[in-house]
Amino acid sequence: MITRLTFIFLVSSICYSHAQEDRLLPPLISSDNNQNEIPESIFFQKRAVEPVIVDVRREINKVSLVAKNTSFYPYTLKFRFNKIRNLLPDPDSMTFVLYPGIRVLMTFRIFEPSQNFDFNFKVDKKIGDAGTKPILDFPYLMPIGENRSVALLSGNLNDTHDMEPVFVLKKGDTVHAMRKGLVTALPATALAIERIASNSIEIRHMDGTIMVYEGIDPSTGFIQPGETVYPGEPLGTCWSSELFVSLYRVEDEELKKMTILFYVNQDSIIPFSEISNGDKAQHPPAIIGKEMSKKEFRKVKEK
């Protein structure tokens with residue numbers, strides 16, 4: 001199933017031209033956001049800030065391309081150079097994957113320091129890292145408390161074909177992380193961010209997939225954007241009686257929905273359509289520690 005959502009795949013193409021100057025370019029700075037109100041995110045097809053900034057920095061006898069990614073997602077940057085003078089190397093094009101943070105992408109050496117240099121380029125920015133491949137058979141924990149019995153919607157018990165994962169909970173019940181990942185969105189946040197749903201907790205996993213949890217009380221502040229969460233860790237509390245979960249991957253500038261395989265026991269890792277009313281949620285150490293370092297695992301065990 002392919003879901004076409006343009007909010008997360010806005011592509012920007014920017015041209016740059018730089019000639020030698022007598023001053024150093026200023027350092028990269030973040031955009032000044034109004035933190036007193038929740039800005040419209042990319043979900044609403046309005047980019048409040050440009051998440052990736054490319055800068056050119058001049059040092060003695062060299063020039064560097066520096067990029068800053070203020071997003072919680074990686075971006076692929078494709079540079080096309082159409083004029084380079086007195087700089088080495090002299091590429092036609094270069095592609096980089098930029099994860100959150102600042103990175104020196106490329107450094108040019110001024111071939112003849114006594115002479116002027118000049119270059120211009122165009123950069124296309126696309127969200128995602130094509131080098132990461134989703135793990136299709138990853139075993140996900142149930143998003144409910146360990147040893148708790150699964151409750152399904154009564155209307156869906158006799159119609160499990162292509163069933164969307166919906167867990168019946170009580171208002172105020174704790175929702176737990178299903179896999180290790182980076183928090184990219186909360187139900188209510190004062191950050192201008194990419195997000196998939198308008199009122200959800202969203203977590204990006206190591207393989208680039210994104211889990212979306214809907215139905216969580218926005219007033220429960222268990223986690224923060226940019227924080228790493230671990231399997232079984234509390235995320236928030238249920239807003240009503242239903243918790244919806246869905247899994248996506250970014251591919252070819254599209255969001256594609258994926259099937260979630262839930263861990264029931266060591267002999268049963270199954271899609272939601274095969275889960276039975278009353279199945280127990282298990283959080284075994286082998287699944288919790290699947291993507292964790294020894295230090296992370298000790299930290300989780302001590303909680």
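Among the conditions (1) surrounded by fewer than 22 Cβ atoms within 10 Å (Cβ to Cβ); (2) without any contact (Cβ under 8 Å) to a residue 24 or more places away in the chain; (3) outside any loop (DSSP other than H, G, I, E, B), Thr220 misses just one, which is (3). Would you confirm whether any residue within the stretch 258-268 is in contact (Cβ under 8 Å) with a residue 24 or more places away in the chain, within 30 Å of Gly101 (Cβ to Cβ) and outside any helix (DSSP H, G or I)? Within the stretch 258-268, one or more residues are in contact (Cβ under 8 Å) with a residue 24 or more places away in the chain, within 30 Å of Gly101 (Cβ to Cβ) and outside any helix (DSSP H, G or I). Taking residues in the stretch 76-96 that are at negative phi, and partners anywhere that are part of a loop (DSSP other than H, G, I, E, B) and of a type in the set (D, E, K, R), the pairs with Cβ atoms closer than 9 Å and at least 6 places apart or on different chains are Thr76/Asp129; Arg80/Asp92; Phe81/Asp90; Phe81/Asp92; Asn82/Asp92; Ile84/Asp90.
The rows are residues; the columns are (1) out of contact with any Leu (no Cβ under 6 Å at 6 or more places or on another chain); (2) within 16 Å of His176 (Cβ to Cβ); (3) surrounded by 16 or more Cβ atoms within 10 Å (Cβ to Cβ).
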| residue | (1), (2), (3) |
| --- | --- |
| Glu254 | yes, no, yes |
| Leu261 | yes, no, yes |
| Ser276 | yes, no, no |
| Pro285 | yes, yes, no |
| Val300 | yes, yes, yes |
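Residue pairs whose Cβ atoms lie under 7 Å apart, separated by 6 or more positions or on different chains, with the first residue in the stretch 121-148 and among the basic types (Lys, Arg) and the second part of a loop (DSSP other than H, G, I, E, B), are Lys125/Val11; Lys126/Val11; Lys126/Glu253; Lys133/Asp207; Arg148/Ala281.
Six or more apart or on different chains, Cβ under 8 Å: which pairs go from a residue in the stretch 186-215 that's within 18 Å of Asn69 (Cβ to Cβ) to one that's acidic (Asp, Glu) and buried (at least 24 other Cβ atoms within 10 Å of the Cβ)? Could you list them? Filtered contacts from the stretch 186-215: Arg195/Glu202; Ile210/Glu202. Which residues, counting only those in the stretch 233-252, are in contact with a Leu (Cβ under 8 Å, 6 or more places away or on another chain) and surrounded by fewer than 16 Cβ atoms within 10 Å (Cβ to Cβ)? Listed by number, the residues that qualify are Ser241, Glu242. Considering the stretch 231-270, and only residues there that are of a type in the set (Ser, Thr, Tyr) and closer than 20 Å to Asp217 by Cα, the residue that is modelled with the lowest pLDDT turns out to be Ser240. Screening the stretch 59-178 for strands (runs of 3 or more DSSP E) wholly inside it with 1 or more residues that are modelled with pLDDT of 90 or more, farther than 22 Å from His283 by Cα and touching an Asp or Glu at 6+ places or on another chain (Cβ under 7 Å) returns the ranges 62-69, 75-85, 93-98. Evaluate the following for Glu202: is it acidic (Asp, Glu) and outside any loop (DSSP other than H, G, I, E, B)? So Glu202 fits the description; yes.
Kindly establish whether Gly226 is farther than 22 Å from Pro139 by Cα, in contact (Cβ under 8 Å) with a residue 24 or more places away in the chain and either outside any loop (DSSP other than H, G, I, E, B) or more than 21 Å from the chain's Cα centre (by Cα) (or both). Here the answer is no, as Gly226 does not meet what is asked.
The values are calculated or read from the model by the stated rules, or taken from the named source; none is laboratory data. Because the structure is a prediction, the values reported are computed rather than measured. Neighbour counts are summed over all protein chains in view; Cβ atoms, including those assigned to glycine, are modelled from backbone coordinates with ideal geometry.
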